[in-house]
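Visitor: Just passing along the structure, written as structure tokens.
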Amino acid sequence: EQVNTTGVVAQSPAAPAVSPGQTQPFAPGSVTFTHTVTNTGSLLGTFQVIGAQVVGSPPGFAVRSATLADPTLEGGQSTTLTIVVDTPATAPAPGSIVVRFAVGVQGGAQTPTVDDTIVVAAQRSFAFTPATPQSATTPPGADVSFEYELANTGNAPDSFSVTGAATGTGNPLTFVGAAVVPPDPSLANLAAGASTTVRVTFRVPPGTTAGD
């Protein structure tokens, strides 16, 4: 007697898996993250991105798009997820911006939330511009001062110092010092976006002749 047997293969429902969160540096305009999404089940499934958002809604940051290259996957197949985040034109204060999302299959399971991170580093910059006319007439032995506006154009508090030296052949001036004009803020720990007025003083040596 011959007995026929038929094997039964269990079919598992479509289920999503997504590659780990990433970290990218801040860039003005936009930052892009890419992930691999895989159907870990054996049945066909249609996948979608769930709840893509910038945590805390910081000004200037928003998810522009979260797109699966192919949302319909056979069992074991993978596709690429691209998340584009709009960013402000200038860097905010240093810190981390979190972009959070999950991936689900229609009518089925979804992944735990995944966090991508945009790192905003401290950017150091300043502007030093004249605040008063840059020429003066003074007698020998006297001091002459000029004022400048120093602006912290970076995205973090910063400290500054101002030094000076007379330049040019035969220039007789000597640098006396530089000081903030009260009540403007100090050069120490000047806030991002803040400015202060600095008075720079030089001395004309005694005996200097007119026109030197």
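The values are calculated or read from the model by the stated rules, or taken from the named source; none is laboratory data. Only a predicted model underlies this, so the values are computations on that prediction, with no experimental measurement involved. Protein only, heavy atoms only, side chains kept; ligands, DNA and RNA dropped before computing areas. Shrake-Rupley method; radii C 1.70, N 1.55, O 1.52, S 1.80 Å.
Visitor: For segment 73-118, what is the accessible area per residue in Å², given a 1.4 Å probe and the full set of protein chains? Walk me through the numbers on the way to the answer.
Guide: Numbers: 1980 Å² over 46 residues.
Each residue of segment 73-118 exposes 43 Å² on average to a 1.4 Å probe.
Visitor: Restricting to Cα atoms and excluding each atom paired with itself, what does the Kirkwood estimate give for segment 90-212 in Å? Don't jump to the answer; show the numbers that get you there.
Guide: On the way: mean 1/r = 0.0540 Å⁻¹.
For segment 90-212, inverting the mean 1/r across all distinct Cα pairs yields 18.5 Å.
Visitor: Roughly speaking, what is the stretch gain from Ala166 to Thr34, that is 0.36 nm per residue apart minus the C-alpha to C-alpha distance, in nm to one decimal?
Guide: Working: separation 132, 0.36 × 132 = 47.52 nm, distance 5.53 nm.
My answer for the length gained is 42.0 nm.
Visitor: Here's another thing I want to ask about it. How high is the relative contact order of the chain, given as a whole-number percent (alpha carbon pairs under 8 Å, six or more residues apart)?
Guide: Working: 506 pairs, mean separation 38.0, N = 212.
Relative contact order for the chain comes out at 18 percent.
Visitor: Given N residues in segment 34-157, what is Rg(Cα) / (2.2 N^0.38 Å)? List each step's numbers first, then the result.
Guide: On the way: Rg = 26.4 Å, N = 124, 2.2 N^0.38 = 13.7 Å.
Dividing the Cα Rg of segment 34-157 by 2.2 N^0.38 Å gives 1.92.
Visitor: Which log10 I(q)/I(0) values does segment 17-63 give at q = 0.29 Å⁻¹ under the Debye formula, counting every alpha carbon as one identical point scatterer?
Guide: So the normalised log intensities work out to -1.31.
Visitor: Please report the equivalent ellipsoid semi-axes of segment 27-97, computed as sqrt(5 x eigenvalue) of the Cα gyration tensor, largest first, in whole Å.
Guide: Working: eigenvalues 192, 22, 17 Å².
Semi-axes (√(5λ), whole Å): 31, 10, 9.
Visitor: Relative contact order of segment 100-212, please, whole-number percent, based on alpha carbon pairs below 8 angstrom and at least 6 residues apart. Let's see the in-between values first.
Guide: Values: 210 pairs, mean separation 31.7, N = 113.
Across segment 100-212, relative contact order equals 28 percent.
Visitor: Taking the Cα atoms of the chain alone, what are Rg (to one decimal) and Dmax (as a whole number) in Å?
Guide: Taking only Cα atoms of the chain, I get Rg and Dmax of 32.1, 130 Å.
Visitor: Which one of Leu187, Leu68, Leu43 has the biggest mean-square fluctuation once the chain is modelled by GNM with Cα springs under 10 Å?
Guide: The residue with the greatest mean-square fluctuation here is Leu43.
Visitor: Please work out how much length the chain gains when fully extended from Phe128 to Arg64, using 0.36 nm per residue of separation minus the C-alpha to C-alpha distance, in nm with one decimal.
Guide: Numbers: separation 64, 0.36 × 64 = 23.04 nm, distance 3.76 nm.
Net length gain for the segment: 19.3 nm.
Visitor: How high is the relative contact order of segment 22-111, in percent, with contacts defined as C-alpha pairs under 8 Å that are six or more residues apart? Could you put the intermediate results ahead of the total?
Guide: Details: 184 pairs, mean separation 35.6, N = 90.
Relative CO of segment 22-111 lands at 40 percent.
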